[in-house]
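In what follows, a structure is listed as structure tokens, so that the remarks can point back to it.
The values are calculated or read from the model by the stated rules, or taken from the named source; none is laboratory data. All values reported here derive from a predicted model rather than from experimental measurement. Quick reminder, even Gly has a Cβ in these numbers, built from the backbone with ideal geometry, and neighbours come from all protein chains shown.
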Amino acid sequence: MKHPAVSIRNLKKKYGDTTALKGIDINIDDGEFFGLLGPNGAGKTTTINILTGLVRKDSGSTDIFGQDTISNYRFTRSQIGISAQEFAQDWFFPIEKLLYFQAGYYGISKSEARYKVDELFDRLGLDKKRKSRLRELSGGMKRRFQIAKALVHDPKIIILDEPTAGVDVKLRHELWEYFSELHQTGKTILLTTHYIEEAEMLCDKVAIIDKGEVIIEGTPKDLTGNQGDSGITINISDTEVDLKTHLNEFSYSHENERIHFISNDPEGDLPKIIDVLTKAGCHIQRVETTKSSLEDVFLKLTGKGINE
Amino acid sequence: MNWIGFWTLTSREVGRFFSVYRQTIIPGLSSSILYIVIFGFTLEKRISSIDGIPYTIFIIPGLIMMNALTNATSNSASSMLQMKLLGQLPDILQAPLSSFEISLAYIIGGTVRGTVNGLLILLVGMSLADMTIADPTTTILFIIIVSWAFSSIGLLLGQLAESWDQLATMQNFILTPLSFLGGIFYSIKMLPEWAQVASQYNPIYYMINGLRYTILNTSDSDPLTNLSVAIVLTIGFTLGAIMLMENGKKIKH
């Protein structure tokens with residue numbers, strides 16, 4: 001039986017009187033790009049930190065490839081690479097040495113890590129900064145180094161906690177491209193982000209989390225289709241045509257000259273609808289498609305924006 | 001056992017203090033030279049000898065011990081606190097390393113620094129004051145044991161402290177007075193009766209006298225008691241540091 005890459009069941013955590021997680025259930029398949037969306041304090045980082053052993057859970061189970069993250073921590077932690085939201089600082093060593101240290105903690109010797117270190121410095125544009133200290137790097141370079149640290153032991157699961165926070169648009173797009181490449185090589189990626197566009201573009205599946213609970217989970221397309229207000233509105237000039245006969249395969253409402261089609265995929269359905277209407281003899285005057293974003297879904301479900 | 005991970009963290013700990021030797025090695029060396037020159041050579045005119053040993057030579061084992069234990073303590077304490085405050089600790093806690101491996105790496109880092117500092121003062125004593133060593137092997141072993149014990153104490157303090165201020169308070173108000181009152185500069189026979197009794201409750205007293213015995217063959221306390229106290233403290237604080245790491249108090253939520 002193939003185990004999911006990450007399996008979280010009924011995970012609960014309290015910090016004093018504050019409930020951080022009320023019983024989270026998340027399943028991430030091997031090779032999946034999974035997004036965890038939620039405002040600050042929703043429980044995203046707590047969930048991640050429990051998976052990696054930094055925070056102790058109160059109850060529930062957390063498995064990585066079917067292995068418990070506490071009793072088999074050596075296996076589970078070696079499968080995970082985490083790019084944390086906060087930058088660590090170091091006053092003593094150049095970043096090249098820090099990257100070798102990071103590989104070493106995961107049981108990879110310097111000679112074994114050399115190829116990967118070179119590859120990461122090259123791919124992330126940090127090659128000329130190898131001998132620099134962390135304090136000498138710009139914010140964008142620090143972010144890239146954070147990602148290199150997550151990847152140096154070649155983990156199967158990559159956790160990206162707000163990986164593009166505070167970087168400029170150009171770098172954000174470069175990182176998106178890199179994350180897609182990693183995903184294509186078969187890596188399982190768990191992404192937390194405030195940038196909904198990022199999740200929509202990259203993720204196979206997303207879960208929206210708020211106040212310690214998963215509110216909804218699904219593919220971005222399903223969520224925007226089922227929970228959003230996507231659709232196509234068409235104005236026609238003649239209303240004599242018997243629409244019921246021609247449009248029986250669609251879900252729509254009709255009022256005077258305006259027909260509104262409910263569609264999860266407006267761009268995909270539009271050519272077919274136009275074709276049917278044209279063949280029925282309708283004169284199309286105006287076409288308008290509306291497509292919901294995850295932001296709209298989030299707003300609808302939580303009553304607030306993700307950055308509030 | 002994650003040997004590579006353990007070795008990596010250990011070499012990081014050792015490399016860390018060597019990379020800032022001006023802060024971690026030179027100050028202890030220069031202040032000890034000053035102690036020997038100023039206290040030793042000036043007070044030697046008034047205190048000619050203790051147990052037949054010239055005063056300058058008498059204080060050297062105490063200086064070695066003071067340097068070894070303060071350096072061992074501050075290495076593991078400051079490294080742990082620094083990693084906590086600079087956000088580096090998650091890199092280690094999220095890696096496949098056990099609490100035992102992490103603790104041992106920190107303790108070894110502090111032990112190496114304590115031992116290096118202790119041995120340098122030993123060499124200074126031998127060259128400046130023509131000191132000879134009664135039992136060199138036991139001397140080195142004793143410096144290592146005491147450095148290990150105080151490195152473990154440092155790791156405990158580093159885990160518990162939440163700020164530099166807290167750490168400095170623990171070091172300045174507990175460790176430094178205990179070191180000075182342990183008989184670095186005097187024999188407890190020179191103290192009033194009540195102070196002699198009080199000194200016997202100070203573990204550092206046994207460590208200074210233990211080292212003094214291995215170097216000069218003289219001690220205020222029984223040599224076997226000195227060794228026993230050092231070993232018991234080493235085991236106790238090592239276990240304490242590992243258990244605290246496993247418990248995660250002040251370092252995990």
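Name the residue, out of A:F121, A:F65, that is in contact with a His (Cβ under 8 Å, 6 or more places away or on another chain), away from chain B (no Cβ under 11 Å) and aromatic (F, W, Y).
Working: A:F121 fails: in contact with a His (Cβ under 8 Å, 6 or more places away or on another chain).
That would be A:F65, the only listed residue that is in contact with a His (Cβ under 8 Å, 6 or more places away or on another chain), away from chain B (no Cβ under 11 Å) and aromatic (F, W, Y).
Checking the structure you have, find out if any residue of the range B:59-82 is at pLDDT below 90, away from chain A (no Cβ under 14 Å), buried (at least 19 other Cβ atoms within 10 Å of the Cβ) and over 21 Å from the mean Cα position of the chain (by Cα).
Checking the range B:59-82: not a single residue is at pLDDT below 90, away from chain A (no Cβ under 14 Å), buried (at least 19 other Cβ atoms within 10 Å of the Cβ) and over 21 Å from the mean Cα position of the chain (by Cα).
Based on what the data block shows, is B:L93 at the interface with chain A (Cβ under 9 Å from one of its Cβ atoms), touching a helix residue (DSSP H, G or I) at 6+ places or on another chain (Cβ under 7 Å) and under 25 Å from A:P94 (Cβ atoms)?
Answer is no for this residue.
Determine which single condition B:S179 fails, assuming it passes every other condition in (1) assigned to a helix (DSSP H, G or I); (2) within 22 Å of B:E44 (Cα to Cα); (3) without any contact (Cβ under 8 Å) to a residue 40 or more places away in the chain; (4) of a type in the set (G, A, S).
Tallying (1) assigned to a helix (DSSP H, G or I); (2) within 22 Å of B:E44 (Cα to Cα); (3) without any contact (Cβ under 8 Å) to a residue 40 or more places away in the chain; (4) of a type in the set (G, A, S), B:S179 fails exactly one: (3).
B:L29 - would you say it is in contact (Cβ under 8 Å) with a residue 24 or more places away in the chain, part of a helix (DSSP H, G or I) and within 12 Å of chain A (Cβ to nearest Cβ)?
Details: in contact (Cβ under 8 Å) with a residue 24 or more places away in the chain: yes; part of a helix (DSSP H, G or I): yes; within 12 Å of chain A (Cβ to nearest Cβ): no.
For B:L29, the condition - in contact (Cβ under 8 Å) with a residue 24 or more places away in the chain, part of a helix (DSSP H, G or I) and within 12 Å of chain A (Cβ to nearest Cβ) - is not met.
Tally time: how many residues in the range A:79-97 are buried (at least 20 other Cβ atoms within 10 Å of the Cβ) and within 9 Å of chain B (Cβ to nearest Cβ)?
Count: 4.
Of the numbered conditions (1) part of a loop (DSSP other than H, G, I, E, B); (2) away from chain B (no Cβ under 14 Å); (3) at pLDDT 90 or above, A:K131 satisfies every one except a single condition; which is it?
In the conditions (1) part of a loop (DSSP other than H, G, I, E, B); (2) away from chain B (no Cβ under 14 Å); (3) at pLDDT 90 or above, A:K131 misses (2) alone.
Only residues that are touching a Phe, Trp or Tyr at 6+ places or on another chain (Cβ under 9 Å) and assigned to a loop (DSSP other than H, G, I, E, B): list them for the range A:263-293, please.
A:S263
Within the range B:198-222, take every residue that is closer than 13 Å to B:M131 by Cβ and touching a Pro at 6+ places or on another chain (Cβ under 6 Å) and give me the one that is surrounded by the most Cβ atoms within 10 Å (Cβ to Cβ).
Result: B:R212.
What residue, of B:E44, B:E13, B:E101, is more than 12 Å from chain A (Cβ to nearest Cβ) and acidic (D, E)?
B:E44
For (1) touching a His at 6+ places or on another chain (Cβ under 8 Å); (2) over 20 Å from A:T302 (Cα atoms), each residue gets a yes or a no:
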{"residue": "A:L182", "(1), (2)": "no, yes"}
{"residue": "A:Y195", "(1), (2)": "no, no"}
{"residue": "A:I216", "(1), (2)": "no, no"}
{"residue": "A:G231", "(1), (2)": "yes, yes"}
{"residue": "A:Y252", "(1), (2)": "yes, yes"}
{"residue": "A:F261", "(1), (2)": "no, yes"}
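Do you know which of the residues in the range B:205-247 that are without any contact (Cβ under 8 Å) to a residue 24 or more places away in the chain and among the small types (G, A, S) is nearest to B:M65 (Cα to Cα)?
B:S219
Just one of (1) at pLDDT 75 or above; (2) touching a Lys or Arg at 6+ places or on another chain (Cβ under 8 Å); (3) surrounded by 15 or more Cβ atoms within 10 Å (Cβ to Cβ); (4) closer than 30 Å to A:A207 by Cα trips up A:D265, so point out which.
(3)
If we keep just the residues of the range B:233-253 that are within 14 Å of B:I153 (Cβ to Cβ) and of a type in the set (S, T, N, Q), which is nearest to the other protein chains (Cβ to nearest Cβ)?
For the range B:233-253, the residue satisfying everything is B:T238.
Are any residues in the range B:105-138 away from chain A (no Cβ under 14 Å) and within 30 Å of A:N72 (Cβ to Cβ), and if so, which ones?
B:I107, B:I108
Can you work out which of the residues in the range A:34-56 that are among the hydrophobic types (A, V, I, L, M, F, W, C) and within 14 Å of another protein chain (Cβ to nearest Cβ) is farthest from A:Q184 (Cα to Cα)?
A:V55
Would you be able to say whether some residue in the range A:156-164 is within 22 Å of A:T45 (Cα to Cα), in contact (Cβ under 8 Å) with a residue 60 or more places away in the chain, within 14 Å of chain B (Cβ to nearest Cβ) and surrounded by fewer than 17 Cβ atoms within 10 Å (Cβ to Cβ)?
Checked against the condition, which is being within 22 Å of A:T45 (Cα to Cα), in contact (Cβ under 8 Å) with a residue 60 or more places away in the chain, within 14 Å of chain B (Cβ to nearest Cβ) and surrounded by fewer than 17 Cβ atoms within 10 Å (Cβ to Cβ), the range A:156-164 yields at least one hit.
I need the full set of residues from the range A:209-225 which are in contact (Cβ under 8 Å) with a residue 24 or more places away in the chain and assigned to a strand (DSSP E or B), in order please.
Answer for the range A:209-225, where residues must be in contact (Cβ under 8 Å) with a residue 24 or more places away in the chain and assigned to a strand (DSSP E or B): A:I209, A:D210, A:E213, A:V214, A:I215, A:I216, A:E217.
Anything in the range A:12-31 that is closer than 18 Å to A:Q79 by Cβ and among the hydrophobic types (A, V, I, L, M, F, W, C)? List them, or say none. Can you show your working first?
We begin by selecting, within the range A:12-31, every residue closer than 18 Å to A:Q79 by Cβ; these are A:26-31.
Within the range A:12-31, A:I26, A:I28 qualify.
Can you name every residue in the range B:24-71 that is of a type in the set (S, T, N, Q) and out of contact with any Pro (no Cβ under 9 Å at 6 or more places or on another chain)?
B:T24, B:S30, B:S31, B:S32, B:T42, B:S49, B:T56, B:N67, B:T70, B:N71
Of all residues being among the hydroxyl-bearing types (S, T, Y) and surrounded by 16 or more Cβ atoms within 10 Å (Cβ to Cβ) in the range B:223-253, which is modelled with the lowest pLDDT? Just the residue, please.
B:T234
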